[in-house]
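*Asks:* I'd like to ask some things about the structure below.
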Amino acid sequence: MKKLTLLFIAFIAILSFTACTEDDDFTFTAKPDPDGIAFMNQTANTYTLRAPNTDNLAERFVWNEVDFGVQTPVNYELQGAGKEAFSNYSVLGDVTENNLAVTVGDMLELANEAGLDNDPETDAPNSGNIYFRVRAYVGTDAANVVEQTSDILSVSVTLPESSEGIELKRELYLVGDATAAGWNNNNNNTPIFRDGENDDIYYFDGRFAGGDGVEGFKLLESLGNWQPQWGINDGIATSSDILDNDPQAFPVADDAYYSFTINVADGTYSFESINVTDAPTYTSIGIIGDATPGAWDADTDMTQSTFNPHIWYATNFVLTDGEFKFRANDAWDNNWGNASEALSGKAGLGSSDNMPATPGTYNIWFNDLDGRYILIPQISE
């Protein structure tokens, strides 16, 4: 009986081994996904590419997941090219996720392959298109790879032409339902004012329309683009580049005036209510000086914000070699000047100093609450 039992066990073992061997010989056959693969993210109308922003996030490309019908991870290869024919292309990343971040530097390399540059002395254009597609595949042996490729996505880019003597710096613009622009990234968004000596520190004293149901505000580095954007995460000011995701908005409790300061280098910020009841409201504020169209004889009036009467701006304002300052109501009773800072700073009320001008075309913003101003170069594109 014992021998019979041993023989039975041996028979079962042989059957099990045979079954395992047959299972090992079974293979899955990958088949193309009938739904294909396509990009799902919305791209900007155009991407402005500046060399100082090389490491910044330009766009996060997102595509649908592909099902090849096999129990193995699907790889996705994002490709970029300077020519639509894709005869030559770069692999920007090979991942198993259905998204990949592309930097300004990545796009600049493709723009260079497309024959674009920002040198006004060359015949090469400074705007045009670059191209992207994504390839999904399974398998490592070339003979057994099953793959699908998306349609080609055309993306418009612009390389602002360089201009001698004008330094391009990081700008930060207000966006959000507590701001004048609302949640519109290209609505004459009010900039905040960069420190005249430390390019990482920014200030803004002004109205924020907070309250119940208001999300608040964020900061954008480039008009018309949602990336990079600045907000908060766990009580620290941070950007989408740092988080690899969108930060939360700065909250605003009430519709009131606040003093906002942010240091983008270390993530510190302050946001405190201020009382502006005694601050004068001016009828007009203009720019005057030998660097302006009216020289020292006549102001060029700025536009007063309808959202905040203490914010003034002038668009596409041409400055020539010389000096300028701000004054209220076409008179010298209230005027602001600063001797040392040209592109941004804090002008003193009643100062005899003038701001030095670097010739060029600018969007100029001025805050009569604290005398802060900023000149944003408008490079021809």
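*Asks:* Among residues other than residue 280 whose Cβ falls under 11 Å from its Cβ, what is the net charge (Lys/Arg +1, Asp/Glu -1)?
*Replies:* Numbers: positive: none; negative: 278, 333, 368.
Here the count lands on -3.
*Asks:* Let me cross-check residue 346: its accessible surface, 1.4 Å probe, with only protein heavy atoms counted, in Å² to the nearest 10?
*Replies:* Rounded to the nearest 10, that gives 110 Å².
*Asks:* Grab the chain and count how many Lys pairs have their alpha-carbon atoms under 26 Å apart, sequence gap of 8 or more, or different chains. Intermediate results must be reported in sequence, preceding the final value.
*Replies:* On the way: 169/218; 169/325; 169/346; 218/346; 325/346.
The result is 5.
*Asks:* Further question on the same structure: Using a probe of 1.4 angstrom, how much of the accessible area of the chain is carbon and sulfur, in percent? Could you put the intermediate results ahead of the total?
*Replies:* On the way: 8990 of 19360 Å².
That fraction is 46 percent.
*Asks:* Given a 1.4 angstrom probe, what's the average accessible area per residue across the chain, in square angstrom? Don't jump to the answer; show the numbers that get you there.
*Replies:* Numbers: 19360 Å² over 381 residues.
Computed with neighbouring chains in place, this is 51 Å² per residue.
*Asks:* Round to the nearest 10 and give me the degree value, 0 to 90, for the angle of helix 104-113's Cα axis relative to the longest principal axis of the chain.
*Replies:* Helix 104-113 sits roughly 80 degrees off the main axis of the chain.
*Asks:* Ignoring everything but the protein chains, give the 1.4 Å probe accessible area of residue 207 in square angstrom, nearest 10.
*Replies:* Its accessible surface works out to 70 Å², give or take rounding.
*Asks:* Let me ask another. Using a 1.4 Å probe and counting only protein heavy atoms, arrange 63, 296 so the residue with the most accessible area comes first. Let's see the in-between values first.
*Replies:* Values: 63 0, 296 90 Å².
Putting 63, 296 in descending order of accessible area: 296, 63.
*Asks:* While we're looking at this one, here's another question. Can you show me the helix-derived [θ] at 222 nm for the chain, built from DSSP H runs with n ≥ 4 at -39,500 (n - 2.57) apiece and divided by the number of residues, rounded to the nearest 500. Present the calculation step by step, with values, prior to reporting the outcome.
*Replies:* Values: 3 runs with 38 residues, N = 381.
Per the formula, -3000 deg cm²/dmol.
*Asks:* How much solvent-accessible surface does residue 375 expose, in Å² to the nearest 10, with a 1.4 Å probe and all protein chains in place?
*Replies:* Counting only protein heavy atoms, the figure is 10 Å².
*Asks:* Which entry is the computed Rg and Dmax of the Cα atoms in Å for this structure: (1) 25.1, 78; (2) 29.5, 122; (3) 21.5, 66?
*Replies:* (2)
*Asks:* Let me check I've understood the local charge: for residue 199, count other residues with C-beta under 13 angstrom from its C-beta, Lys and Arg +1, Asp and Glu -1. What total comes out?
*Replies:* Details: positive: 169, 170, 194; negative: 167, 171, 195, 197, 200, 221, 341.
Cβ neighbours under 13 Å give a net charge of -4.
*Asks:* So if I take the centroid of the Cα atoms in the range 290-322 and the same for the range 117-148, what is the distance between those two points in Å?
*Replies:* Cα centroid of the range 290-322 versus Cα centroid of the range 117-148: 45 Å apart.
The values are calculated or read from the model by the stated rules, or taken from the named source; none is laboratory data. Because the structure is a prediction, the values reported are computed rather than measured. With ideal geometry, Cβ positions are generated from the backbone for all residues, glycine too; neighbour counts draw on all protein chains shown. When the accessible area is computed, the model is the full protein with side chains, heavy atoms only, and any ligands, DNA or RNA have been set aside. Shrake-Rupley method; radii C 1.70, N 1.55, O 1.52, S 1.80 Å.
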